[in-house]
Structures are given as structure tokens and as C-alpha cells.
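Each reported figure results from applying straightforward, stated rules to the coordinates on display, with no laboratory input. Here the structure is a predicted model, which is why all the values come from computation and not from measurement. FYI the Cβ positions are ideal-geometry reconstructions off the backbone, even for glycines, and counts take in every protein chain you see.
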Amino acid sequence: MGKGDWPTFEQGIQKEWLVTNGIGGYASSTVIGANTRKYHGLLVASLAPPVRRTMLLSKVDERFEAGGRTYNLTSNKTVRGVTEFGFIHLQRALVGKFPTFTYSFVDVVIEKTIFMVYGENTTVIRYSIINGSSPATFRLIPLLNCRDFHWTSSMGQINFRPETLKIREGAGISVKAVPEAPPLNIVCGGKSHFYRGEGWFKGMFYPGEQERGENAVEDHFVPGHFVIPLAAREEKVFYFIASTEEEIDKRCINADILLDSEKGRHRRLIEQSGLRDDFACRLALACDAFVVRRRSTQTKSVIAGYHWFNDWGRDTMIALPGLTLVTGRYEDAREILLTFARYCNEGLIPNMFPDTPGEPLYNTVDASLWYFHAVYKYLQYTGDFDFILKEIYPALKEIVNFYIKGTKYQIGMDEDGLISAGTPDHQLTWMDAKVDRWVVTPRHGKPVEIAALWHNALKILDRLAQRAGESLPCAGLSEKVGKSFKEKFWYEDGGYMYDVINGEERDARLRPNQVIAMALPYSPVAPSKARQALRRVWQELYATYGLRSLSYYDPHYRGVYIGDRFSRDGAYHQGTVWSWLMGPFITAYRKAYGYSPATREQAGMFINPFRDHLRHHGVGYISEIFDGNDPVVPRGCIAQAWGVAEVLRAYVEEVLEEGPSRDFAIND
């Protein structure tokens with residue numbers, strides 16, 4: 001990207017970058033360096049990986065002084081407006097896994113590269129300076145904080161006192177603001193010197209939080225500044241490192257090793273994936289941001305989205321094929337499947353692991369059923385039946401047994417073989433928005449995708465039981481479920497499927513959940529019905545970057561996702577476009593219309609808008625959601641696991657046709 005991408009401050013803050021550390025921590029800001037969210041920061045550390053994320057280093061303001069003039073590289077917005085315009089000196093931004101920004105003025109060129117050390121709460125900034133004809137100094141001013149990343153803070157709320165700041169040997173400082181947080185250690189190379197001078201940056205303003213109806217003003221602690229001297233015509237490379245690790249001083253001398261190590265890890269990820277297509281490789285690297293190690297289980301998990309989501313069970317199972325199987329990360333897939341099997345409770349796998357110590361939350365009807373689908377895809381990609389039959393098969397049997405006899409949240413099988421779940425006060429499907437006591441999209445009863453996922457799960461268990469030489473009481477139940485599905489869910493007058501049935505009630509609102517039913521490997525939807533329903537979905541729900549969550553003809557449709565929580569959650573599943581649904585939509589489309597060159601080409605056309613999207617919003621990633629109304633503005637998380645994963649999976653399997661055989665059968 002070049003100057004044409006940020007001609008104004010407002011345009012410059014529309015593009016954001018993100019780098020992660022494999023344990024839930026991250027660094028993120030806009031391409032012009034102005035923080036516009038409370039979640040933006042150069043070191044957001046995960047203190048109980050992958051949660052307890054804590055803002056430690058908000059940003060580093062940079063000023064270059066030469067020939068009696070000061071060139072400000074910093075861009076900031078405060079309550080007084082835009083107060084610093086450093087983006088006018090920004091010439092180029094290469095935003096990927098190693099965001100690199102090039103500034104120039106007069107005869108000076110400054111290049112800055114940001115990355116994190118994998119597995120550590122450590123952010124490294126590499127500066128390369130080509131100085132001009134005058135001696136100069138480069139001043140770095142760190143803006144510190146110490147708060148939960150969901151909050152904002154003001155000057156009197158955080159205990160930054162003189163005794164909390166310690167000068168390290170060499171050019172470095174150590175700051176510990178609260179007892180429960182580790183010290184933030186900062187070192188700076190380049191023959192720098194730290195000048196102590198405590199103060200505050202007051203009134204930083206976050207437009208992104210104002211848009212979300214959240215507190216949008218914050219103060220940051222300034223401990224002083226680092227000064228790096230530069231002789232005329234000098235070329236200097238040095239590193240600025242911020243970390244919760246103690247032994248970082250020596251690293252500053254040989255920090256090139258850290259950068260080379262991370263670049264090597266990324267090369268190995270691409271080699272492991274076996275992918276060669278450029279777009280697929282970029283998505284494969286994006287996938288790496290979401291696969292994290294959870295300290296409490298000592299296994300891999302999946303962050304649902306950045307900046308603010310934790311690891312969610314439903315999201316993990318939907319994203320697992322794209323994140324770990326398409327990318328060849330089979331060991332990660334095994335760890336994830338094993339972790340959720342171990343935490344299976346009365347037939348339910350966790351919906352969410354909490355931020356604080358305690359038991360997981362199990363308030364979901366579909367996560368356990370998506371688990372079956374993840375197991376199927378794992379077998380399709382790896383053929384590793386030994387692992388599944390030995391480690392996972394018992395949990396699959398437990399899930400089905402509890403769903404048949406009934407489990408928590410009124411989840412259980414009805415006389416017709418279909419699963420009924422929930423109450424008017426509980427949201428158990430992925431359309432789970434609830435504001436106080438207002439359930440925005442009530443779907444208690446028998447949702448269409450739950451019925452199809454249940455049918456799919458029974459088929460998979462039947463075939464695994466045959467493979468294991470075991471006869472189960474539920475053998476053949478899938479036939480009854482399939483028959484009930486066909487009899488009850490088809491809405492003849494509309495030419496598509498009911499979204500929910502509950503007793504004699506039928507919810508005929510056109511929603512995308514039926515597409516999930518069509519895309520499953522063991523779908524209960526006849527191809528002729530699928531084609532008919534897909535025509536309506538394509539006409540009313542398809543919206544460039546995914547599917548609308550409700551038809552725009554529906555009187556309850558909300559086409560813009562903006563405002564306070566009440567307004568946003570009121571639109572979340574009432575018309576907002578979801579990127580992850582593009583995956584099942586493409587799979588269902590090719591399954592219904594056949595695997596011809598024409599449908600393959602059309603699948604590629606569905607994918608093409610995402611190529612350009614990778615240059616916008618969360619650069620290099622796929623956004624969680626978009627407005628239902630044109631021009632389908634990206635909203636929500638700038639990087640969403642199941643969005644990236646499902647677009648990658650659909651692209652590799654349906655466009656490149658480099659996935660596993662479609663003729664795969666478990667009981668062969």
C-alpha cells in the first residue's frame with residue numbers, strides 16, 4: 001500500500017494490522033499508527049494463555065529531530081481532534097505477518113518492522129534508519145498502560161508511581177503498575193539513552209469505540225523517552241523490545257535472530273500446508289493467528305476472533321477443517337479434538353472456556369454436533385482411524401446417548417427423532433444474540449441446521465461403529481431422522497426450508513441456516529430441494545462477502561450493524577452478513593448443481609471479492625461480519641477464525657479442487 005491509501009487521517013484509520021504470538025497475545029493498530037480502538041496496542045499480553053489479555057504497551061510515539069526541525073512520525077487523535085499528522089511522512093506500508101512501514105522526509109528514510117516472538121508476550125520493533133546530511137536524534141516515547149483489554153483507563157485509576165519505574169542496566173526500563181501483573185520490561189538498542197520524565201498522555205480518543213457505543217477516551221502513562229543519536233549520513237539498525245520476559249537485554253543485541261526465526265516458522269507453515277496458490281498461502285498464514293496454546297489444558301485451542309473473542313467450542317469445530325486440515329496441521333487438529341473430548345460433559349462439549357479460572361460453559365446445542373463434522377473432516381484428510389476409534393469414539397457415543405435421553409438446557413430427542421432444545425430464555429445455536437432479557441432471535445425448538453447436524457452425526461457414528469465392529473442401540477436412527485426432516489422442514493409455498501419448527505409452529509423467515517443443512521457430507525436435503533432453496537438464498541441472502549442472516553424483504557431486517565450494544569445485537573443476526581457462511585454456501589452450491597467446470601468457475605467468482613478484502617479492514621484477514629445493506633461495510637472483529645477458515649477450505653476444495661476425495665467413506 002502507498003500514500004494513495006491514506007490521503008486523509010479518516011481514510012488511513014480504515015485499515016488495521018494484526019500480529020499474534022500463539023498464546024492469545026497480539027499487537028495491532030491502524031496502518032498509519034493511530035490507535036482507534038481500546039483493543040489496539042503494541043503489546044497486549046495474554047497472562048493466562050490464551051486469556052487474561054492485558055494492555056501493557058499502547059504505542060510508541062516517534063519524533064525525528066535534525067537541522068533544528070522536528071519531524072513527527074506519530075498520528076494521534078484526542079478529544080481535541082487529530083493532533084498529530086505523522087501519516088503525511090508515511091510512504092509505504094507492507095502489511096502482512098511482519099508489518100513494515102517506510103517513512104521519508106528531506107533526505108532521511110526510516111523503516112519500521114513489527115513482529116512478536118512466538119510463544120512469548122514479547123513485541124519487537126526493528127528500526128532501520130538512513131540519515132541525511134545533518135546529525136540527528138530519534139526520540140521514542142512509549143505510552144504504557146496496565147488494564148484488561150476490554151476496559152479503558154484514566155490517570156487516577158492505575159498505580160503508576162515513581163517507585164513502579166526502575167531503570168535497567170543499559171537503555172531499558174521495568175514498570176510494574178499492579179501486583180497481579182508481571183513487570184513490563186523495555187529495552188532499546190542503537191546506543192540509546194533513556195531520559196526519565198513521568199507524565200501522562202491524556203485524552204486519546206478511539207473512534208471505533210464511539211461507533212460501538214463504548215467509552216472512547218483513555219489516558220496513558222509516559223515514563224520518559226529514549227533518544228538514539230545519529231551522525232550525518234549514518235545508517236543504523238536497532239531494536240526496541242517490550243516484553244513480560246525478564247531476560248531481554250541480550251536479545252536486543254542479536255534481535256535479527258528473533259526475526260529470522262519467525263520468518264523461518266512461517267516458511268515451514270507454508271511447506272507443511274503443501275499449498276502453492278498465492279491466495280491460499282496468504283489465508284494459510286492468516287490461520288496461524290487463531291491456533292493458540294491453552295495453558296489450562298496444555299493443548300492447542302482456537303481463538304474465535306480478534307480482537308475481543310476467546311476460544312469458543314462452536315467456532316473451533318466449524319473452523320477446524322480450514323485452520324488445521326487444509327493447512328496440514330494435523331497434530332494441532334488431534335490436540336483440539338482430544339481436548340474437547342476430555343471436557344465432554346453429559347454429551348456437551350464446551351461452548352466457551354472462560355477468561356477467569358473455573359469450569360467451561362456448556363450452553364450450546366450445536367457445538368457437540370459440529371464436533372462430529374470436524375471428526376469426519378479429520379478422517380477425510382488424514383485417514384487416521386486409529387486415533388479416532390481409540391481416543392474420540394467414546395466421546396461420540398456419549399454425545400449421541402445423552403442427546404437421545406436428554407441433557408442440559410432441555411436438549412433431547414423428540415418422538416420424531418429430531419432434537420429439540422432450549423427455552424424462550426436460552427440461546428443455544430450460533431444465532432445467540434441476547435441483550436439483557438431480550439432474546440433477539442428466538443430459535444428454541446427444532447432449528448433446521450440442528451436437525452441436519454444430528455442426522456449427519458448419526459450417520460457418522462453408524463459408520464464408525466461398523467468400522468469398530470460394534471452394534472449400537474442407535475443404529476438406523478438416522479433413517480427416521482432423515483424422514484422426519486424431509487416431512488417437516490420443507491416450506492412448499494416459499495420453495496425453501498423452515499428455519500425452526502416448534503410443535504405446530506413453523507418459522508418461515510428466510511435465513512441461511514438451511515445452507516448448513518445442504519452442505520453437510522450426510523445431508524438430509526434432496527438435491528432437487530437444495531437447488532430450489534439455493535435460488536432463494538442466492539437471490540435474497542447472498543451479499544458479496546457472505547450470506548445475510550435474514551432476508552432483506554423481512555420486516556425485521558436490519559441492514560446496518562452500528563451503535564451501542566442494543567443496536568448492534570439487534571442487527572447481529574437480523575440481516576448482518578456473515579463471512580463464514582460463504583464456505584457452506586459454496587459447498588452446498590457445487591453439491592446441488594454438480595462438480596462441473598462451470599460450477600467450479602462460479603465458486604471462484606464467489607471467492608474473488610475476498611482477494612481484494614484482504615487489503616482492507618483487518619489487512620491480511622477476513623472480517624467477522626458486514627452490513628447487510630450496500631456497500632456491505634466490514635464490521636465486528638477484523639479477523640475471524642471461521643471466516644478465514646471456511647473461505648480457505650471452500651477455495652481449496654471447491655475452486656482449486658486440491659482437497660481430499662469426495663468419495664471418501666468412513667466404513668470402506
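First check a/c for the stretch 550-651, with a ≥ b ≥ c the square roots of the eigenvalues of its C-alpha gyration tensor; if it is under 1.5, answer rounded, and if not, answer prolate when a/b is larger than b/c or oblate otherwise. Note, shape of the stretch 550-651 comes out oblate. Just name one of Ser46, Ser243, Trp17: the one whose Cα is farthest towards the positive end of the charge dipole of the stretch 3-265 (beta-carbon charges, Lys/Arg +1, Asp/Glu -1). My answer, from the dipole projection, is Trp17. Put simply, the stretch 201-262 fits an ellipsoid with semi-axes of 33, 18, 14 Å; these come from the alpha carbon gyration tensor as the roots of five times its eigenvalues, largest first.
Each of the peptides 556-565, 501-510, 302-311 was scored by the mean count of other Cβ atoms within 10 Å over its residues; in descending order, highest first, they stand as 302-311, 556-565, 501-510. Of the chymotrypsin sites (Phe, Trp or Tyr not before Pro) found in the stretch 569-668, those in coil by DSSP whose Cβ has at most 13 other Cβ atoms within 10 Å are Tyr595.
Rounded to the nearest 10 degrees, the inclination of helix 477-488 to the longest alpha-carbon principal axis of the chain is 90 degrees. Applying a threshold of 24 Å to the alpha-carbon distances of Lys3/Lys77; Lys236/Lys263; Lys15/Lys59; Lys408/Lys529; Lys112/Lys263; Lys38/Lys77 flags Lys408/Lys529 as lying beyond it. Helix 367-382 and the long axis of the chain differ in direction by around 80°, with both axes built from C-alpha atoms. Cα centroid separation, the stretch 372-431 to the stretch 58-75: 57 Å.
Ordering Pro584, Tyr371, His150 by Cα displacement along the dipole of the chain toward the positive end leaves His150 in first place; charges were set at the Cβ atoms of Lys, Arg (+1) and Asp, Glu (-1). Using Cβ point charges alone (K and R +1, D and E -1), the dipole size of the stretch 195-252 about the Cα centre works out to roughly 320 debye. Per-residue ellipticity at 222 nm computed for the chain from its helices equals -8500 deg cm²/dmol, with DSSP H segments shorter than 4 residues left out and the rest contributing -39,500 (n - 2.57).
Summary value for the chain: 11 percent relative contact order, contacts being C-alpha pairs under 8 angstrom separated by 6+ residues. Our estimate of slack between Arg265 and Tyr553, defined as 0.36 nm per intervening residue step minus the Cα-Cα distance, is 98.8 nm. Cα centroid separation, the stretch 302-341 to the stretch 528-561: 28 Å. Dipole check for the chain: with +1 at the C-beta of Lys and Arg, -1 at the C-beta of Asp and Glu, and the Cα centre as origin, the magnitude is about 720 Debye. With viscosity 0.692 mPa s and temperature 37 °C, the Kirkwood radius over alpha carbon pairs of the stretch 274-655 converts through Stokes-Einstein to a diffusion coefficient of 158 µm²/s. Cα centroids of the stretch 487-504 and the stretch 115-157: 56 Å apart.
Where does helix 597-613 land angle-wise versus the long Cα axis of the chain, in degrees 0 to 90, nearest 10? So the inclination is approximately 30 degrees. Given the alternatives (i) 82, 49, 49; (ii) 78, 64, 58; (iii) 90, 66, 50, Cα extents along the principal axes in Å as computed for this entry is given by (i). Note on Ala232/Ser154: beta-carbon distance plugged into 1/(1 + (r/R0)^6) with R0 of 35 Å gives a FRET efficiency of 0.20. Among the trypsin sites (Lys or Arg not before Pro) found in the stretch 11-106, those both in a DSSP coil and sparsely packed, with 14 or fewer other Cβ atoms within 10 Å of their Cβ, are Arg80. Neighbours of Ile622, meaning other residues whose beta-carbon lies under 15 angstrom from its beta-carbon, give a summed charge of 0 when Lys and Arg score +1 and Asp and Glu score -1.
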